[in-house]
Amino acid sequence: MNHPYERLSPDLILDAVAAVGQSPDGHLMALNSYENRVFQVGLDGQPPMVAKFYRPDRWYDGQIDEEHDFATQLAALEIPVVAPWRHRDGRALFSHQGFRFTLFERRGGRAPEPGDLDQLEWIGRFIGRLHLAGQTEPFVHRPTLNVGDMGWSAREQVLGSELLPAQARDGYAKTSECLLTLIERRLTETGVTAIRLHGDCHHGNILWTDQGPHFVDMDDCRNGPAIQDLWMLLNGDRSERTLQLSAMLDGYQMFRDFDPRELALIEPLRALRMVHYSGWLAKRWSDPAFPAAFGWVASTHYWSQHVHDLEQQVNTLLHEAPLRLC
């Protein structure tokens with residue numbers, strides 16, 4: 001089976017960058033990315049740039065434009081988001097030989113230290129500002145976080161995949177159905193307002209420098225509850241996560257009020273991400289980059305553990321009281 005990036009050669013990448021007025025010097029380095037393909041491109045007489053080539057048929061142009069416009073809006077408000085480079089004609093999305101791509105300024109940094117309360121408060125301030133801008137209007141073309149797209153669709157991908165061992169199929173089918181039904185009920189009962197989000201705000205998408213954090217990779221931005229941009233930054237046991245969330249919200253609430261009802265969504269959203277992740281791996285398995293990077297997904301051990309983790313969500317974690325702030 002052909003995969004989406006088989007034609008994305010080094011020459012094509014360099015030609016694409018040159019076609020929008022940049023001057024590649026021939027140096028090209030692949031960066032860590034699987035959903036899209038991302039490269040650092042050396043340029044004559046100026047710092048390198050980062051070129052992101054979008055996976056074909058994942059987003060349509062209007063959805064990518066909304067990603068770019070939101071990042072540009074945030075950067076204009078001095079919120080530290082890496083916004084796309086724009087051509088003098090205002091465009092940020094380009095096309096070359098069937099591939100859509102965008103250029104970004106290269107920004108360095110390291111991941112934040114997990115559990116560092118001072119860093120989390122700092123990050124919380126910027127997420128609060130990001131959400132303050134995000135609540136002014138919704139995305140029109142970008143999706144809203146929902147169990148249908150992220151859960152039921154992912155479940156169908158797994159059930160239709162040869163990766164799922166026969167001995168795990170019944171357990172996965174039953175447990176995932178029960179879990180997604182519980183998640184849907186919890187999201188409906190909580191009834192919080194959806195706003196524009198980063199959407200995938202974890203430690204790998206925040207780079208830290210001496211000047212503080214900056215956010216990268218808004219490829220998954222969407223409408224959803226504010227807590228979606230906070231819970232993935234929590235680590236450790238319940239007491240540790242309580243301290244971390246309290247620190248983040250101390251910073252967050254300097255700029256935007258937080259609806260405490262959203263605390264009840266942390267575990268359902270975490271469970272939804274678990275289902276979505278296995279479905280994503282199954283969906284992308286025909287892309288050679290995935291078996292090479294995630295070979296353990298083809299093991300019976302992975303699926304046995306995955307079903308066990310989903311059962312734990314159904315039987316225990318989704319029934320625990322939400323985190324309570326310090």
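Points worth noting:
- Those strands (runs of 3 or more DSSP E) lying entirely in the range 1-88 with at least 3 residues closer than 21 Å to residue 214 by Cα: 37-43, 46-53
- Screening residue 204 with (1) at pLDDT 95 or above; (2) part of a helix (DSSP H, G or I) gives one miss only, at (1).
- Residue 61 being surrounded by 12 or more Cβ atoms within 10 Å (Cβ to Cβ) and in contact (Cβ under 8 Å) with a residue 40 or more places away in the chain: no
- Among the conditions (1) modelled with pLDDT of 95 or more; (2) not in a loop (DSSP other than H, G, I, E, B), residue 318 misses just one, which is (1).
- Scanning the range 288-326 for residues that are within 18 Å of residue 272 (Cβ to Cβ) and among the hydrophobic types (A, V, I, L, M, F, W, C) returns 307, 310, 314, 317, 318, 323.
- Number of residues in the range 234-268 that are touching a residue at least 60 places away in the same chain (Cβ under 8 Å), of a type outside the set (Gly, Ala, Ser) and assigned to a helix (DSSP H, G or I) equals 17.
- Filtered residues of the range 89-117 (kept if within 22 Å of residue 10 (Cβ to Cβ) and in a loop (DSSP other than H, G, I, E, B)): 93, 97, 98, 106
- Selected residue [in contact with a Gly (Cβ under 7 Å, 6 or more places away or on another chain), surrounded by fewer than 17 Cβ atoms within 10 Å (Cβ to Cβ) and not acidic (Asp, Glu)] from 236, 251, 295: 236
- Residues located in the range 115-160, provided they are of a type outside the set (Lys, Arg), surrounded by 21 or more Cβ atoms within 10 Å (Cβ to Cβ), closer than 30 Å to residue 306 by Cβ and within 18 Å of the chain's Cα centre (by Cα): 123, 127, 147, 150, 151, 154
- Scan of the range 178-199 for residues that are surrounded by 15 or more Cβ atoms within 10 Å (Cβ to Cβ) and of a type in the set (Asp, Glu), ordered by number: 184
- Among the residues making up the range 82-101, a single one is in contact (Cβ under 8 Å) with a residue 40 or more places away in the chain and either touching a His at 6+ places or on another chain (Cβ under 7 Å) or of a type in the set (Asp, Glu) (or both): 82.
Residue by residue, here is whether (1) surrounded by 14 or more Cβ atoms within 10 Å (Cβ to Cβ); (2) among the basic types (Lys, Arg); (3) modelled with pLDDT of 95 or more holds:
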position	(1), (2), (3)
14	yes, no, yes
17	yes, no, yes
22	yes, no, yes
27	no, no, yes
32	no, no, no
42	yes, no, yes
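- Within the range 157-185, restricting attention to residues that are free of Cβ contacts under 8 Å to residues at least 12 places away in the same chain, part of a helix (DSSP H, G or I) and of a type outside the set (Ser, Thr, Tyr), the residue that is farthest from residue 281 (Cα to Cα) is 185.
- Residue in the range 216-259 that is farthest from residue 147 (Cα to Cα), counting only those that are touching a Lys or Arg at 6+ places or on another chain (Cβ under 8 Å) and polar (S, T, N, Q): 242
The values are calculated or read from the model by the stated rules, or taken from the named source; none is laboratory data. All figures in this text were calculated on a predicted structure; none of them were measured in a lab. Using ideal geometry, Cβ is built from the backbone for each residue, glycine included, and neighbour counts are taken over all protein chains shown.
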